Each structure stands twice: as C-alpha cells, then as structure tokens.
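*Asks:* Shown below is the structure under consideration.
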C-alpha cells in the first residue's frame, strides 16, 4: 500500500492525530485515559520528545510534539503500539485499536505564531465537540494539557513545555498573571469561533512560512519514491519538474514568453514533455498548462505520436 513520507529532522514540530478503528472509542474509562497520558510520558523519556499540547477525545487524540532528535517514526511506533497492547490486555481484546497510520502535520516553530495556533486548535477540541457546556471554562476539561498550562511552574509534567506558546502569545513570564492572560485569550478565541483560521491545520502536510516549506520540499524530493503519495508527493514532483523546465529553457535560450509564442505541437516542447513524463510524476494536465501545449487530449496525442516515432528526428 502507498504510504505518505514521514519527514524527520532535529527540532521538528508536528501536529499528530489518530482515530480509533472504525471511529470506535480508544478509551473506555478514565483509567484508560490516565494510562494513555502515562504512556505518552514514557514515550517522551524514550524518544526525547517535548509535548506542547495534547487532547484526548472519545475516539481520537491530538498531540503537538517537538522532536529535538529525529525520532518521530520510532517514537510513534512505540507509543501507539504500547498503548494498544496495554488497552487490549486490560480489556481482554485483540487486534487494532487505531485506524491506519497517524496523521502528521509539520508545524513551523520559528516563533511566528504557527505553534500557538496549533495548540489553540488542540485545546479547543472539547468545546468544538460540545464536551463542555457553554458556561464551562476550558480548564474544566480534564483530559487535555490546557489545565496543566494553567498550573504553576513545577506542577506540570516535565515533558510538557508551555514556554513556546507563552512566547508566541506575547507573554514574557510564566507567572500567575501571565497564565490568566493566556486563559483570557483562549476563551476569547472560543467565543469568536474563528474556525476558518484552523483550516490549514485540518488538511495538508505543512503549516508555516513558505521559505521553510520550500526547504522541506527540497529534502523530501530526494527521498520521495513511487510508494509515497499525497499532497507532499505532488508538490515535490512539481518542484522537480520546474527545475527540468528551467534547465531546458536555458539550454534553448528560451524565455517564458517563448513557450507561449511557439506552437502547441512544437517538436522541442514535445521533447520536453517526454522528459517530464520520464523523469517526474507530474500529470499530463500540469505539462499541458505549464508548456502552453493546449488541452490534455492534445498532449496525450503528441506523446503517443512520439512513442510511435512520428515526432522524432
């Protein structure tokens, strides 16, 4: 089965989520929830993770995790597998607890507010799911890291970091006053229900500045194989294809304007289309639009003619 590429590097931050198999509960009682948090703490010790936020929902979980060393894959394998084993032994069950692979979103940790937004999204989950009454503050949901954020320094798990979120919120000190300000801000976001700002977190593979995204795409293109799929693959292949196009344009002494001026069936355009099909995974639709070659049907015809030898020198 095709699998998404997991991008790992020192200092990477991820928003992670996994659902129960067939969307069934992954916790049957509070003892399971406590065991999950304990297992998360063990995973942090083993993998060196630092958790910025977590939230346990009835049939899924959310984590915002930083990996000082590139241990995402190994750490998640141990964490998910260990919790599943403990759950199954306790409830005398067998088989999968979670539905497929966990979802991961790379988060820009440059301090520009992306991590804070992801942690807000994680902490607001109980309100969105109506697990709290409108008059209940978010701190009353026991099974997220939000109540821990509001505790004094030294009373939180050692593996939970709050300083980055405080910094991105413009709060200089982890003090009682600072925590009250942080709580007012999140409760205001809850009332505002600004769901549109969270859309980039729900889809895609990256959330952050374009420069970092481009750098990651460069790293990924070197490792991306035919077994990988999804938005990451499409973007990295487009990046690679653009490099091929630029190289060919320079070799012919062409400009972007030249592509538009030359005929849709120009022999050199066809050769470039053939190269793109051989060396990248971009679609015929991408080639047709990028090389100004008309419709997809036209490009398919030209490629067929090339294979039959009708376009070759």
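The values are calculated or read from the model by the stated rules, or taken from the named source; none is laboratory data. Please read these numbers as outputs of a predicted model, since none were measured by experiment. Note: ideal-geometry Cβ built from the backbone for every residue, glycine included; neighbour counts use all protein chains shown.
*Asks:* Under 6 Å between Cβ atoms, at least 6 apart or on separate chains: pull out the pairs that start in segment 284-304 with a residue that is at positive phi and end on any residue that is at pLDDT below 95 and in a loop (DSSP other than H, G, I, E, B).
*Replies:* 294/264
*Asks:* Here's something else I'd like to know. Please give the number of the condition residue 6 fails out of (1) at negative phi; (2) in the same structural domain as residue 106 (by TED's automatic domain parsing).
*Replies:* Residue 6 satisfies every listed condition except (2).
*Asks:* While we're looking at this one, here's another question. So, in segment 262-302, how many residues would count as being at pLDDT 90 or above, surrounded by fewer than 17 Cβ atoms within 10 Å (Cβ to Cβ) and assigned to a helix (DSSP H, G or I)?
*Replies:* Of the residues in segment 262-302, 11 are at pLDDT 90 or above, surrounded by fewer than 17 Cβ atoms within 10 Å (Cβ to Cβ) and assigned to a helix (DSSP H, G or I).
*Asks:* Hey, residue 134 hits all of (1) part of a loop (DSSP other than H, G, I, E, B); (2) surrounded by 12 or more Cβ atoms within 10 Å (Cβ to Cβ) but one; which does it fall short on?
*Replies:* Of the numbered conditions (1) part of a loop (DSSP other than H, G, I, E, B); (2) surrounded by 12 or more Cβ atoms within 10 Å (Cβ to Cβ), the odd one out for residue 134 is (2).
*Asks:* Could you please let me know if residue 124 is under 22 Å from residue 61 (Cβ atoms) and either within 25 Å of the chain's Cα centre (by Cα) or free of Cβ contacts under 8 Å to residues at least 24 places away in the same chain (or both)?
*Replies:* Numbers: under 22 Å from residue 61 (Cβ atoms): yes; either within 25 Å of the chain's Cα centre (by Cα) or free of Cβ contacts under 8 Å to residues at least 24 places away in the same chain (or both): yes.
Yes.
*Asks:* Now for a different question. Of these, 42, 66, which one is in contact with a helix residue (DSSP H, G or I) (Cβ under 9 Å, 6 or more places away or on another chain) and surrounded by fewer than 16 Cβ atoms within 10 Å (Cβ to Cβ)?
*Replies:* None of the other options fit; the residue is 42.
*Asks:* Right, something else. Can you name every residue in segment 188-203 that is under 15 Å from residue 125 (Cβ atoms) and outside any helix (DSSP H, G or I)?
*Replies:* Matches in segment 188-203: 193, 194.
*Asks:* Let me ask something else. Failed condition for residue 167, given (1) on the phi > 0 side of the Ramachandran plot; (2) at pLDDT 95 or above, with all others met?
*Replies:* (1)
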